[in-house]
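Reading through the structure tokens given below for one structure.
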Amino acid sequence: MKADQIDAEIRTLAQDRRLPDSHLERWLAMDPASRGSLLTHAQHLGLRTGQLVSALELLEEIAVRERITVAEILSRDEIRRIADAPGSAPSRASAFIETLRRTRFPRLRKMQERLRAEIAALKLPRGLSLDLPRQLGSDELTVSLRVRSADELSKLVAALNRSTTGLARIFEILGGGSQSDDDENEL
Amino acid sequence: MMKMNFDLDALFIEHGCADSTLAARIIRSIPAGVPVHHVADAREVARPAHDARDPFGAGKRQMIIARRKTPFLMACPAGSSKFACCGYLVLTLASNCPMDCSYCFLQEYLADNPAFQVYANFADSFAELNRLVKSAPGRSFRIGTGELADSLAFDSITGISRELVRFFAAYENLTLELKTKTDEIENLLDLDPRGRVLVSWTLSSDNVYRSSEHRTASPTARIAAARAVLEAGYRVAFHFDPLIAYPGAERDYVRLIDELLDSVPAKKISFISMGGLRMTPALRTIARHRFSTDPMLCGEDVLASDGRFRTFTPLRLKLYRTLEERFRKAGAEIPAYLCMEPASIHERVFGEAPIKPAGLGERLASSRPI
């Protein structure tokens with residue numbers, strides 16, 4: 001497809017999706033291979049407006065971080081696998097955005113997974129939950145107790161007390177301590 | 001030593017300032033080809049050129065000499081009840097900066113008046129300082145000129161540092177902090193600061209310097225300048241701010257500290273500060289527009305509870321703790337604080353709650369390495 005034909009299709013898609021002008025301009029400002037590749041993915045995965053906005057922003061940021069083009073990002077195996085996978089377009093579109101987020105925030109995603117695994121390992125009883133701060137934007141853990149009686153409360157508090165070692169490890173990771181000692185260079 | 005290049009398109013002198021010492025010094029120092037205009041009200045000139053592709057950058061090509069009509073002395077604008085502050089007082093003798101760091105908060109803070117401004121009546125600030133000293137006998141104050149401008153970036157054309165050093169040298173309970181990313185120290189070297197002037201450098205890893213700190217002196221040159229002023233009788237301090245948590249950052253910052261400690265003994269450092277990169281959404285938009293290819297502006301930052309984008313907390317804290325540990329291993333108890341972080345983060349990094357801003361300000365003002 002010729003460059004002007006690609007641009008015309010991008011404009012049509014942007015109009016259909018009511019993509020904000022600022023985002024359309026950013027898309028059209030990409031190199032020709034990147035413009036075309038994103039168009040192919042947007043059409044193939046049926047990206048909705050919000051997903052298209054997210055994809056544009058994430059791809060631009062990954063491209064700057066890694067000093068590569070958007071086309072190079074989209075040609076990676078993990079992206080191609082999603083595009084070629086069976087299943088519905090909406091589920092593949094969600095997986096596509098999630099993969100871009102993971103690429104954009106590799107250490108954040110890894111840390112979130114590690115903390116979630118630590119919380120799961122506590123095997124807390126029903127009614128007692130630990131919630132991580134949103135996007136690990138603070139060092140606070142939210143502890144919730146849902147009870148209907150004093151007896152239930154006692155049991156949950158006891159369970160919480162039995163988890164102090166694991167909780168201490170979670171706080172240490174949240175606080176950037178040695179427990180969070182991943183080799184940053186391998187990320 | 002790198003000489004600051006201003007690339008001025010024009011110099012504007014407000015009515016009533018043409019005969020000032022400062023105007024004479026600046027006219028003598030700038031290239032002969034720079035046109036000089038006399039204007040009634042400098043505020044008009046200070047405004048951004050909205051038709052320019054980069055209004056903020058265009059502002060950095062205009063210089064204004066005007067009278068400052070508001071007080072020179074104020075509390076640090078970064079201070080907030082949300083943060084554990086350092087009690088820093090700001091003396092505004094200039095506005096905006098000839099260097100151009102991609103992350104600089106002035107891009108948002110001075111977006112409506114980006115032209116360089118220097119104040120012909122800067123000596124009036126000495127009367128304000130006198131009043132401050134008289135109002136609080138026995139208290140010590142740390143006063144810096146490096147908030148809305150780099151403290152030494154204009155010094156090759158204004159020479160103000162010499163008057164400042166002489167003034168502060170006479171006051172036992174005032175400490176002047178000249179905060180800079182330059183190595184323009186020649187005006188300082190033949191003066192006697194009598195232990196009352198502290199020159200501080202923002203230090204960044206070489207990767208951050210190359211990617212984000214345009215027109216600044218290299219980290220190695222900053223460290224060499226620190227060594228030189230130390231030998232000339234000044235106190236020195238270092239700001240690791242903003243710390244940027246790119247992959248490999250810990251290794252690079254530890255190397256930077258090693259390089260620093262090879263030149264400046266730990267016991268000679270008055271204090272250090274650290275602060276992670278933080279950007280309001282507006283600043284982030286401006287910075288990314290002006291420096292669209294800088295990877296340091298695309299870190300793993302998330303919207304924190306104070307409404308600023310910051311590196312996600314465990315990663316930011318890990319970087320603080322790594323630097324703190326490296327300085328602790330150096331063996332000297334260097335006073336340290338975090339800039340624009342809440343008390344809880346301070347406690348995580350240093351293992352103790354921060355002292356109150358006024359107390360910390362006094363401690364930093366009076367800490368005098370041997």
Exercise for the section: Read phi for every residue in segment B:312-324 and hand back ³J(HN,Hα) as whole Hz from Karplus 6.51 cos²θ - 1.76 cosθ + 1.60, θ = phi - 60°, with x for Gly and Pro. Expected result: 3, 4, x, 5, 5, 5, 5, 5, 4, 5, 5, 5, 4
Problem - Derived scalar couplings ³J(HN,Hα) [segment A:8-13; Karplus, 6.51 cos²θ - 1.76 cosθ + 1.60; whole Hz; x for Gly, Pro] - result: 5, 5, 4, 5, 5, 4
Fill in the blank from the handout: Neighbour-count ranking for B:306, A:131 (other C-beta within 10 angstrom, fewest to most) reads A:131, B:306
Exercise for the section: Could you grab the relative contact order for segment B:142-218? Cα pairs under 8 Å, six or more apart, rounded to a whole percent. Expected result: 33
Handout entry: 24 Å Cα-Cα threshold exceeded, pairs from B:3/B:267; B:181/B:268; B:134/B:268; A:123/A:155; A:155/B:318; A:110/B:181
Key = B:3/B:267; B:134/B:268; A:155/B:318; A:110/B:181
Fill in the blank from the handout: Classified through the alpha carbon gyration tensor (a ≥ b ≥ c as square roots of its eigenvalues; rounded if a/c is under 1.5, else prolate when a/b is larger than b/c, else oblate), segment B:198-268 comes out prolate
Fill in the blank from the handout: Neighbours of residue B:275 by Cβ distance under 12 Å: Lys/Arg at +1, Asp/Glu at -1, summed charge +2
Fill in the blank from the handout: Going fewest to most other Cβ atoms within 10 Å around each Cβ, B:21, A:12 line up as A:12, B:21
Fill in the blank from the handout: If amide H atoms are modeled at 1.01 Å from N in the peptide plane, then the residues at a separation of 5 or more from residue A:75, or on another chain, having amide H under 5 Å from its own are none
Practice task
Specify, per residue and in Å³, the volume enclosed by the convex hull of the alpha carbon atoms belonging to the protein assembly as shown.
Solution key: 193
Completion exercise
For the protein assembly as shown, cysteines with no other Cys Cβ under 4.7 Å from their own Cβ are listed as B:17, B:76, B:85, B:86, B:97, B:298, B:339
Handout entry: HN-Hα J in Hz across segment B:281-291 - Karplus 6.51, -1.76, 1.60, θ = phi - 60°, x for Gly and Pro
Key = x, 5, 4, 4, 5, 4, 4, 5, 6, 6, 10
Problem - Within segment B:191-334, percent of DSSP bridges classed antiparallel, to nearest 5 - result: 30
Practice task
Would you mind ranking B:108, B:231, A:78 by Cβ crowding within 10 Å, fewest neighbours first?
Solution key: B:231, A:78, B:108
Handout entry: segment B:237-336, Cα convex hull volume normalised per residue, Å³
Key = 109
Handout entry: Local electrostatic count, residue B:220, Cβ distance below 15 Å [Lys/Arg +1, Asp/Glu -1]
Key = -2
Problem - Whole-number Å³ per residue for the convex hull built on Cα positions in segment B:292-363 - result: 129
Exercise for the section: Can you check what the net charge comes to around residue A:46, using other residues whose Cβ is under 12 Å from the Cβ of residue A:46 (Lys, Arg +1; Asp, Glu -1)? Expected result: +2
Completion exercise
For segment B:34-85 the trypsin sites (Lys or Arg not before Pro) that pass both the DSSP coil test and the at-most-11 other-Cβ-within-10 Å test are B:53, B:69
Practice task
Evaluate the Debye formula for segment A:13-87 with equal point scatterers sitting on the alpha carbons, no solvent, and hand back log10 of I(q)/I(0) at q = 0.12, 0.16 Å⁻¹, in q order, two decimals.
Solution key: -0.30, -0.54
Completion exercise
Quick calc of log₁₀ I(q)/I(0), chain A, Debye, one scatterer on every Cα, no solvent, q values 0.11, 0.19 1/Å, result -0.66, -1.18
Handout entry: segment B:316-354 and segment B:228-252: distance between their alpha carbon centers, rounded to Å
Key = 14
Practice task
Let me see the pair-distance distribution of segment B:12-95: every alpha carbon pair, 10 Å bin width, integer percents in order.
Solution key: 14, 35, 31, 16, 4
Fill in the blank from the handout: Length gained if residue B:24 through residue B:289 is fully extended, taking 0.36 nm per residue and subtracting the Cα-Cα distance, is 91.7 nm
Handout entry: segment B:96-168: radius of gyration and largest Cα-Cα distance (Dmax), Å
Key = 14.5, 41
Fill in the blank from the handout: Per GNM of chain A with C-alpha springs under 10 angstrom, the most fluctuating residue out of A:79, A:97, A:68 is A:68
Handout entry: Ratio Rg/Rh [Cα only; Rh per Kirkwood] for segment A:6-45
Key = 0.92
Fill in the blank from the handout: Residues whose modelled amide H sits under 5 Å from the amide H of residue B:179, counting only those 5 or more places away in sequence or on another chain, are B:145, B:146, B:151, B:200
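Read-outs: derived from the displayed coordinates by stated rules, not from any lab. All values derive from a computational prediction rather than experimental measurement. For neighbour counting, all protein chains shown are included, and Cβ atoms are generated from backbone atoms with ideal geometry for every residue, glycine included.
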